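Please read the structure below before turning to the comments.
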Amino acid sequence: MNSNQKELIKATIPILRASGEDLTNYFYARMFREHPELRNMFNMGNQANGRQKSALANAVLAYAENIEDPSVLIGVLKGIGTKHRSLNIQPEQYKIVGTQLIASIAEVVGEAATPEILEAWTVAFYQLAKIMIDLEKGLYEENAAKPGSWNGWRKFVIKKIVEESTEIKSFYLYPEDGKEIANFHAGQFISVQVFVPELGLLQPRQYSLSSAFNPEYYRISVKKESGIAPNPSGLVSQTLHSKREGDVISISAPAGLFHLEKDSKSPLVLISGGVGLTPMLSMLETNLNALQNKKTVWIHGCRNESVHAFKEQISALKEEAEWLATFTFYDSAPNDEAFSNEIIEGRVDLHKCKEAILLEEAKFYICGPEMFIKTQYEALINLNINQENIFYEEFGPQLINLN
């Protein structure tokens, strides 16, 4: 890419800031019209709620703003590449996206999209595509080399379903072929692919693994979200909640950059909201099974007792483990008086447990809804926690950039 083309890309930044989401909205509509088969690969819930369009608009803008040195985006690109590996995205699909994106720029921007600008964006896109394809090639190769791992989709049998709360069910997934399964880092996720009758489509979703590694099965714990056609949000979780023991689903091998650091001896502070506790459970169990017994502080918030999953397990572990401290926040006070003395009423407030969490060299992990993550991150910064020791997982397309 020459210097003149870079200047042309930078000249489009004001347009992207003002109309980026209009462009991505048009792009997705055009692409799905031209390639309806891709609707089976994209999360149509995030299409309907606009999160995917916003994420793409932010990514295109960030790329334009950093066109002089795209390497500064490598952290974000690794996250996207990891998600792409879990969804089995292939190099030829970048060509489809590139063709549709350049055509969308031409049609949305109109006369301002001169042949020179379109040529610059074509070069820029395929420069980015090469970075992503090369990155993902390495991820596929690394994944394939792991014992028990696989690329693409593999069938698993739901052998056990456990109701953890009024909203959350755990699914124990065993490989249909009976062969070895891959180990994973505590905090990682798998992609699940199911057919959603209301949409007539296959749909992928990512769910955190909610237990320490077990060589027999994977466990995910899924909240049943609301959502009705034609708004697809929640339809995959509803489909999973309608499954029965013995049903078969397809999953990809474990992936994700949000996980415990290997061999780290640092204390852990695990902060979750709602179903965001799932990767934290994996971290807690892994710490327990590793016999390291690192000092761990478990902080969880949810609406009330009826939706509080795994509360008995965490409470029982607290009684046994001297290394574990727990703080539980309910939006409304519990009815069970015996349990209420363990509850703090209100939203999660880290200042109410700051004496417990200000541990030397502690690592802080946050998972939950977008506003929950932002609130807890800001609270940690206000408590003078180094941002390099704060890690967070945002469900769905990445819209938060705090570190």
remark   = Here, helices (runs of 4 or more DSSP H) confined to segment 263-347 with at least 3 residues that are modelled with pLDDT under 95 and either of a type in the set (G, A, S) or over 27 Å from the mean Cα position of the chain (by Cα) (or both) are 311-320, 337-340
ask   = Can we say G20 is in contact with a Leu (Cβ under 9 Å, 6 or more places away or on another chain), touching a residue at least 60 places away in the same chain (Cβ under 8 Å) and in a helix (DSSP H, G or I)?
value = no
ask   = Is one or more of the residues making up segment 134-144 closer than 24 Å to E216 by Cα and among the aliphatic types (A, V, I, L, M)?
value = yes
request  = Of all residues in segment 356-379, count the ones that are assigned to a loop (DSSP other than H, G, I, E, B) and within 22 Å of the chain's Cα centre (by Cα).
outcome  = 1
query = For the subset of segment 5-30 comprising residues that are of a type in the set (A, V, I, L, M) and farther than 16 Å from W121 by Cα, which member is surrounded by the fewest Cβ atoms within 10 Å (Cβ to Cβ)?
reply = A18
message = Going residue by residue through segment 140-152, is there one that turns out to be in contact with a helix residue (DSSP H, G or I) (Cβ under 9 Å, 6 or more places away or on another chain) and closer than 27 Å to L277 by Cβ?
response = yes
task = Sort out which residues of segment 62-78 are surrounded by fewer than 18 Cβ atoms within 10 Å (Cβ to Cβ) and out of contact with any Phe, Trp or Tyr (no Cβ under 9 Å at 6 or more places or on another chain), and write them in order of number.
result = A62, E65, N66, E68, D69, S71, V72, I74, G75, V76, K78
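Take I74 and decide whether it is without any contact (Cβ under 8 Å) to a residue 40 or more places away in the chain, not charged (D, E, K, R) and not in a loop (DSSP other than H, G, I, E, B).
So I74 passes the test.
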query = Restricting to segment 109-165, what's the tally of residues that are over 24 Å from the mean Cα position of the chain (by Cα), part of a helix (DSSP H, G or I) and either at positive phi or crowded, with 18+ Cβ neighbours inside 10 Å (or both)?
reply = 7
query = Just to be sure, is R33 in the same structural domain as L118 (by TED's automatic domain parsing), surrounded by 17 or more Cβ atoms within 10 Å (Cβ to Cβ) and either over 19 Å from T99 (Cβ atoms) or free of Cβ contacts under 8 Å to residues at least 12 places away in the same chain (or both)?
reply = no
task = Could you tell me whether any residue of segment 86-93 is among the hydrophobic types (A, V, I, L, M, F, W, C) and either modelled with pLDDT of 95 or more or in contact with a helix residue (DSSP H, G or I) (Cβ under 9 Å, 6 or more places away or on another chain) (or both)?
result = yes
request  = Within segment 73-88, track down each residue that is aliphatic (A, V, I, L, M) and under 14 Å from A255 (Cα atoms).
outcome  = I80, L87
inquiry  = Whether any residue in segment 80-89 is part of a helix (DSSP H, G or I) and surrounded by fewer than 17 Cβ atoms within 10 Å (Cβ to Cβ) is what I want to check.
reply    = no
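The values are calculated or read from the model by the stated rules, or taken from the named source; none is laboratory data. This is a predicted model, so every value here is computed, not measured. Backbone-built Cβ (ideal geometry, glycine too); neighbour counts: all protein chains shown.
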